[in-house]
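The values are calculated or read from the model by the stated rules, or taken from the named source; none is laboratory data. What you are looking at is a predicted structure, and each value in this text was computed from that prediction instead of being measured. Glycine gets a Cβ as well: all are built from the backbone with ideal geometry, and neighbour counts include every protein chain shown.
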């Protein structure tokens with residue numbers, strides 16, 4: 001994630017540049033070499049090297065001298081764990097996800113929104129697990145996932161418009177919505193229905209029904225979904241699980257509001 005102004009300059013100075021470097025290291029999903037980071041970086045070689053040295057000395061990254069690679073450091077892991085405990089819905093939602101998983105037997109996702117995209121914060125596998133993109137900690141697109149659309153639909157109008165403009169609109173499947181206008185129309189329908197569907201828009205053969213997790217004032221706290229494979233379920237079949245889904249979303253919202261997410 002490149003934290004830049006629209007003119008191409010980093011809006012947050014040195015801190016913004018350092019966060020950009022950490023994002024790139026984390027996004028690689030494996031230890032990365034300096035040359036790889038430089039190839040995809042907007043920073044001059046000397047600047048990137050200086051940022052990596054600072055981040056390494058502060059424990060935010062670790063450097064493997066034998067392999068000459070960088071990876072997320074233990075200090076960053078500690079901070080991530082603290083964020084998971086203090087800012088994530090996951091600790092609050094855990095018992096409700098467990099109960100919903102037992103009740104419906106399908107894959108359950110819990111997500112929050114990050115810069116217009118989906119951050120999966122927890123997951124329960126189906127009784128018969130299905131391979132799919134989503135895992136806790138992964139970032140997914142907002143415009144073509146059930147949880148993403150559920151959250152986008154209930155944002156305040158100005159925030160929603162900004163978030164829509166952040167979407168890439170890449171066609172992951174023939175069913176993906178690929179324009180701001182199509183997404184905006186879909187979000188209006190979701191607000192009217194109270195739930196969203198992923199109709200094989202992100203992955204072929206994967207469908208879901210999702211509901212927003214809203215505070216008592218309507219603020220979007222996150223979203224919850226029930227996901228299945230088309231080979232053994234249908235959208236109509238998932239819609240039959242709507243009462244269980246929305247009830248659980250309301251339970252999580254109530255628990256969150258009395259703990260760490262007051263308005």
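Conditions tested, residue by residue: (1) at pLDDT below 95; (2) within 26 Å of the chain's Cα centre (by Cα).
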| position | (1), (2) |
| --- | --- |
| 17 | yes, yes |
| 20 | yes, yes |
| 40 | yes, yes |
| 67 | yes, no |
| 71 | yes, yes |
| 82 | yes, yes |
| 85 | yes, yes |
| 89 | yes, yes |
| 96 | no, yes |
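Looking at the structure I just gave you, is residue 79 part of a helix (DSSP H, G or I) and in contact with a helix residue (DSSP H, G or I) (Cβ under 7 Å, 6 or more places away or on another chain)? Judged against the criteria, residue 79 is not a match. Every condition in (1) over 23 Å from residue 122 (Cα atoms); (2) in a strand (DSSP E or B) holds for residue 223 except the one numbered (1).
If you check 121, 104 for being at pLDDT 95 or above, in the same structural domain as residue 154 (by TED's automatic domain parsing) and touching a helix residue (DSSP H, G or I) at 6+ places or on another chain (Cβ under 7 Å), only one passes: 104. Between 180, 157, the distinction of being touching a helix residue (DSSP H, G or I) at 6+ places or on another chain (Cβ under 6 Å), surrounded by fewer than 15 Cβ atoms within 10 Å (Cβ to Cβ) and modelled with pLDDT of 95 or more belongs to 180 only. Kindly evaluate residue 222 against the criterion of being free of Cβ contacts under 8 Å to residues at least 40 places away in the same chain and touching a strand residue (DSSP E or B) at 6+ places or on another chain (Cβ under 8 Å). No, not satisfied.
Being in the same structural domain as residue 172 (by TED's automatic domain parsing), in contact (Cβ under 8 Å) with a residue 12 or more places away in the chain and closer than 19 Å to residue 113 by Cα is true of residue 227. Selection of the range 237-253 for residues being within 22 Å of the chain's Cα centre (by Cα), touching a residue at least 40 places away in the same chain (Cβ under 8 Å) and over 12 Å from residue 210 (Cβ atoms) yields 251, 252, 253. Note on the range 88-98: among residues that are part of a helix (DSSP H, G or I) and touching a helix residue (DSSP H, G or I) at 6+ places or on another chain (Cβ under 7 Å), the one that is farthest from residue 221 (Cα to Cα) is 96. Mind listing whichever residues of the range 185-217 are at pLDDT 95 or above, out of contact with any strand residue (DSSP E or B) (no Cβ under 9 Å at 6 or more places or on another chain) and within 20 Å of residue 243 (Cα to Cα)? Matches in the range 185-217: 191, 192, 193.
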